[in-house]
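Here's the structure, in structure tokens; my notes come after.
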Amino acid sequence: MLLLVGEVDLNSRPSAVTEFAGLFPHAEVVVQSGARHFPWLDDADAFVAATAAFIG
């Protein structure tokens, strides 16, 4: 499971998402630098790169 969160997301804070990831085996957290709640809008290229890297 990939949990991708924006670095400055006020709704889903990175610390909370990281804690939530602990509930799932093999979960991976990616914090997208400078992104807010919709990281695919803030930096689509970074979002696609992180997602593609996870998928392999």
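Observations on the model:
- In the chain, the DSSP-assigned H stretches of four residues or longer account for a calculated mean residue ellipticity at 222 nm of -11500 deg cm²/dmol, using -39500 (n - 2.57) per stretch and the full residue count as denominator.
- Measuring r between the beta carbons of Thr51 and Ala16 and using R0 = 35 Å, the FRET efficiency lands at 0.95.
- The chain, accessible area per residue, ligands and nucleic acids excluded (1.4 Å, Å²): 70 Å²
- For the stretch 8-14, putting each phi into the Karplus relation 6.51 cos²θ - 1.76 cosθ + 1.60 with θ = phi - 60° gives couplings of 10, 6, 8, 8, 10, 5, x Hz, in residue order, rounded to whole numbers and with x for Gly and Pro.
- Using C-alpha pairs below 8 Å separated by at least 6 residues, the relative contact order for the chain is 38 percent.
- Atom-type composition of the exposed protein surface of the chain places 60 percent of the accessible area on carbon and sulfur (1.4 angstrom probe).
- For the chain, the convex hull spanned by the alpha carbon atoms encloses 60 Å³ per residue.
- Using θ = phi - 60° and Karplus 6.51 cos²θ - 1.76 cosθ + 1.60, couplings along the stretch 42-56 (whole Hz; Gly, Pro as x): 5, 7, 4, 5, 5, 4, 5, 4, 5, 5, 5, 5, 5, 5, x
The values are calculated or read from the model by the stated rules, or taken from the named source; none is laboratory data. Just so you know, these numbers come straight off a predicted model, no measurement behind them. Cβ atoms come from the backbone with ideal geometry, glycine included; neighbour counts cover every protein chain shown. All accessible areas refer to the heavy atoms of the entire protein, side chains included, with ligands and DNA or RNA removed. Shrake-Rupley method; radii C 1.70, N 1.55, O 1.52, S 1.80 Å.
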